[in-house]
Amino acid sequence: MTDILILGGGPAAWSAAITLKNRNLDSTVITTGMEQSGLYKADKITNYPGFPEISGKELLEKFREHALSMGVEVRNGYARQVMPTGSGFMVLVGDEILECRALILALGAARPRLLPGESELLGQGVSWCGTCDGMFYRGKDVAVLSSWHGGVEEADFLAGLCRKVDYYALKKHDGLTECRENQSVIPETPLSIARENGRMVLTTREGTHTYDGIFVFRPTAAPDQLIPGLAIENGFIVVDRRMQTSVPLCYACGDCVGRPLQIAKAVGEGLVAAISCSEDLK
Ligand SMILES: Cc1cc2nc3c(=O)[nH]c(=O)nc-3n(C[C@H](O)[C@H](O)[C@H](O)COP(=O)(O)OP(=O)(O)OC[C@H]3O[C@@H](n4cnc5c(N)ncnc54)[C@H](O)[C@@H]3O)c2cc1C
């Protein structure tokens with residue numbers, strides 16, 4: 001049980017963690033890694049005060065180092081599901097369940113572009129969680145569609161359960177290189193998912209393949225898929241001026257709450273979310 005979990009790893013998350021530390025509150029930042037922040041790709045930032053010219057990667061490193069130097073805890077992983085418990089939250093990170101009293105969402109604005117058929121067949125042959133659903137496919141044939149290295153770990157986990165695991169990269173990343181006996185990398189581009197005669201049909205640019213199940217792994221999810229009951233408007237999490245969301249003791253900040261999508265705004269909102277959170281926890 002931690003007091004506060006911060007989901008994210010960009011400017012908003014680090015700012016919230018630093019402000020909480022200043023107020024003597026411990027938090028743990030759950031992050032898929034710096035490379036997944038939009039900022040990591042920015043060559044040159046010229047509008048963040050105090051740094052007339054700096055790359056996005058350098059600025060992220062500075063935020064992270066600052067937080068770590070204050071003793072902020074960091075866990076690498078993807079938060080795939082949040083369940084409010086009444087007295088706090090349970091957060092599924094990888095194959096672990098973490099508990100906290102309050103939650104700060106700093107998820108950024110990246111939203112996954114789902115494959116046709118993917119959300120319609122979720123729970124009916126399509127899964128976003130190997131740990132949760134892998135056992136349903138024990139001894140069966142599955143496909144893993146992944147856009148990041150997190151999918152490699154999942155493919156490895158599934159290879160321990162399933163008869164056959166075919167790995168498809170949804171985009172270029174450090175994908176599966178060393179295959180177990182029952183794993184193969186299929187160099188084809190997934191286009192859509194369908195269900196025919198009880199089997200899952202994956203159509204790629206190159207052809208079609210059938211499986212018992214299809215697992216899809218990405219480093220981002222739409223926020224309302226993460227937390228049931230979270231109010232969303234035009235794709236952004238709804239918050240008040242204190243960065244409080246529609247879910248009690250759950251705050252949100254940065255790009256995930258709306259425009260302008262800028263570093264200074266993300267940092268400011270991270271601070272407001274942290275202050276509101278610390279006031280409400282008291
Ligand atoms: C190419 C480019 C150039 C830019 N240039 C500028 C500029 O010059 N000036 C400026 O002010 N802004 C610029 N921006 C915008 C700036 O990068 C964003 O406004 C800022 O990074 C937002 O911070 P954030 O913390 O809200 O989100 P992000 O920085 O996007 O961080 C969100 C993090 O949360 C992680 N995450 C998401 N879901 C989960 C989950 N379920 N579990 C764990 N982690 C998760 C993501 O992987 C990511 O690491 C630029 C953006 C881009 C893409």
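The values are calculated or read from the model by the stated rules, or taken from the named source; none is laboratory data. No experiment lies behind these values; they were computed from the predicted model shown. Please note: Cβ atoms are built from the backbone with ideal geometry, for glycine as well, and neighbour counts cover all protein chains shown. Just so you know, the surface numbers come from the protein's heavy atoms only, side chains and all, with ligands and any DNA or RNA stripped out. Shrake-Rupley method; radii C 1.70, N 1.55, O 1.52, S 1.80 Å.
Here are the numbers:
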read-out: Residue in the range 164-180 that is in the same structural domain as GLY38 (by TED's automatic domain parsing), surrounded by 15 or more Cβ atoms within 10 Å (Cβ to Cβ), under 19 Å from the mean Cα position of the chain (by Cα) and assigned to a loop (DSSP other than H, G, I, E, B) present; value: no
read-out: Single unsatisfied condition, GLY94 versus (1) in contact with a Gly (Cβ under 6 Å, 6 or more places away or on another chain); (2) modelled with pLDDT of 95 or more; value: (2)
read-out: Condition check for THR32: closer than 29 Å to TRP128 by Cβ and modelled with pLDDT under 95; value: yes
read-out: Elements of type strands (runs of 3 or more DSSP E) contained in the range 11-108, each with 1 or more residues being open to solvent by 40 Å² or more (accessible area, probe 1.4 Å); value: 73-76, 79-84, 89-93, 96-106
read-out: Verdict on ARG111 being outside any loop (DSSP other than H, G, I, E, B) and either touching a residue at least 40 places away in the same chain (Cβ under 8 Å) or within 27 Å of THR177 (Cα to Cα) (or both); value: no
read-out: Residue within the range 141-151 that is without any contact (Cβ under 8 Å) to a residue 40 or more places away in the chain and over 20 Å from the mean Cα position of the chain (by Cα) present; value: no
read-out: Any hit, the range 85-100, residues being within 11 Å of the ligand (Cβ to nearest atom), among the β-branched types (Val, Ile, Thr) and out of contact with any Lys or Arg (no Cβ under 9 Å at 6 or more places or on another chain); value: no
read-out: Flag for ILE186 being among the aliphatic types (A, V, I, L, M), closer than 27 Å to LEU107 by Cβ and open to solvent by less than 70 Å² (accessible area, probe 1.4 Å); value: no
read-out: Scope the range 148-163; condition farther than 24 Å from GLU206 by Cα and either in contact with a Pro (Cβ under 6 Å, 6 or more places away or on another chain) or surrounded by 20 or more Cβ atoms within 10 Å (Cβ to Cβ) (or both); matching residues; value: GLY150, GLU154, LEU158, ALA159, CYS162
read-out: Residue count for the range 228-273, restricted to those that are surrounded by fewer than 23 Cβ atoms within 10 Å (Cβ to Cβ), within 14 Å of LEU107 (Cβ to Cβ) and within 12 Å of the ligand (Cβ to nearest atom); value: 3
read-out: Residue within the range 199-209 that is more than 16 Å from the ligand (Cβ to nearest atom), within 18 Å of VAL29 (Cα to Cα), at pLDDT 95 or above and surrounded by 19 or more Cβ atoms within 10 Å (Cβ to Cβ) present; value: no
